[in-house]
Amino acid sequence: MIPREVVHQSLRADLPYFAIASVVFFIGIASLILWRLRSREPLLLWLGALSTLYGLRLFIANDLVRAAAELDPKVQRQVVDCITYFIGIPAVFFFRTWLVSHWRKFLTGLLYAQLAFTPLAIVVGSILGYRGPAMAVNGLIVLTGAFTALLAVVWKFRTEPGAVLLRWTFGLFLVLVVLTNLQLTGGRDIEPIGFLALLIGLTYTAATRAADQEQKLIAVEKELETARRIQTSILPKSLPELNGLRIAARYQPMTAVAGDFYDFLLVDDQRVTLLVADVSGHGVPAALIASMLKVGFAAQKEHARDPAAVLAGLNLSLSGMMGSQFVTAACAFIDLEAQTVTYAGAGHPPSLLIRKDSSEVVELAENGLFLGPFKHATYTNVSTSFTPGDYLLVYTDGIIEATMPDNQPFGSDRLKDFAVVRRSAAPSELVDDLIRKVAGKVQEDDLTVVTAHAS
């Protein structure tokens, strides 16, 4: 049991350091929480690690804590020393992340030195007992890194907000560290005061950068939302209505904007052409090309009865405008009067034609080259009957490539089985069930499916 007067005396003597340790430790934990929950700004991660370790070291180094925990003084010193050796790692990471290129090169070398030194110092200084040399080398590395960082701060920050604060807090920290190491402070360790001052500057720097990144993130999110609305607007607002044909379509992007696209050209009340396309890649670049497809497809109305000509026209309009990207597409012309469907593809998964009252599935696999890379690519049509009760299923590769609970792709065979089993369902129910079946907990690609059911 520690005598009460000893506790009171220790508290009075060490209260400022308890306060500093508490503030430093709290800032560290808060920085780590902010990094984890929102910003993912690496400066907050390294600031949090640095501050948490330093605050923990201050707590453990206190004699009252040692007595209350009944720690052996040797064990206490070893634990404090080990934390001291580790503290330099997040500190170097912080400045290496933050500073410009030529300073980063030097700090990268210092980081490698710190990473190599830390385990060696623990073995030599804490386990083998050569504490003096280990601490001397650690102090040299710390001072080298600190002076380098201070020079970089003075060089980099001239007119930026917070320049004066960071220079003064860094300078004060170095002065107090030197005074403590030269034993010019009357036996008092005033380094924690300097670290607290430095922490104020570092916290301001990290918080400013995190806030700036947050503003940029908000701006990007707003731009993506605008892009999403624009992309949604290029999809048909309503589905074609023809006597004897029921059409359903579902589109579920993997991200806010995507590269899948579908559209229709209504020829008359007995004929319609549908297009389903998939732009390579994801995100805004793919969405921009999908917007180009909207314009290009509308321009092919005079060729609506000839899917091969539609694809050739789209290919010509996209050629030379897509860089390394490309488009796969499936185009089908449905003629209810002639009871036929004419189909052409461009590197796209085969569409499926399910016959009424049977398990027969016809693959429409007439395929040419991708759209875009080959300016003079040609395409051919294939025609087959399309009688009442039949339905056509056109989709993008996200459907058959979706990973199932057995860690295998959904695949074309499972898609055929699904289509046969659900052939009597209403078109809207069929596409909804298919999307639900393949979407899974983690969607790996854009999903688009269009079905046309002759009735």
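The values are calculated or read from the model by the stated rules, or taken from the named source; none is laboratory data. Just so we're clear, the structure is a prediction, and the values are computed from it rather than from any experiment. Using ideal geometry, Cβ is built from the backbone for each residue, glycine included, and neighbour counts are taken over all protein chains shown.
When GLY323, GLY372, GLY368, GLY313 are screened for being over 21 Å from ASP390 (Cα atoms), surrounded by fewer than 21 Cβ atoms within 10 Å (Cβ to Cβ) and touching a strand residue (DSSP E or B) at 6+ places or on another chain (Cβ under 6 Å), only GLY368 passes. Just one of the listed residues (ARG158, ARG167) is at pLDDT 75 or above and basic (Lys, Arg), and it is ARG167.
Listed by position, the helices (runs of 4 or more DSSP H) inside the stretch 376-455 whose residues that are among the basic types (Lys, Arg) number at least 2 are 411-421, 427-439.
Restricting VAL272, VAL276 to those that are among the β-branched types (Val, Ile, Thr) and either surrounded by fewer than 17 Cβ atoms within 10 Å (Cβ to Cβ) or within 20 Å of PHE326 (Cα to Cα) (or both) reduces the list to VAL276.
Candidates GLY323, GLY347: the one that is at pLDDT 90 or above and small (Gly, Ala, Ser) is GLY347. Within the bounds of the stretch 107-119, is there any residue that is under 19 Å from VAL75 (Cα atoms), over 34 Å from the mean Cα position of the chain (by Cα), at pLDDT 85 or above and surrounded by 15 or more Cβ atoms within 10 Å (Cβ to Cβ)? Checked the stretch 107-119: no residue is under 19 Å from VAL75 (Cα atoms), over 34 Å from the mean Cα position of the chain (by Cα), at pLDDT 85 or above and surrounded by 15 or more Cβ atoms within 10 Å (Cβ to Cβ). Suppose the filter is under 30 Å from LEU45 (Cβ atoms), in the same structural domain as LEU165 (by TED's automatic domain parsing), surrounded by 16 or more Cβ atoms within 10 Å (Cβ to Cβ) and within 24 Å of the chain's Cα centre (by Cα); does ALA211 pass it? In short, no.
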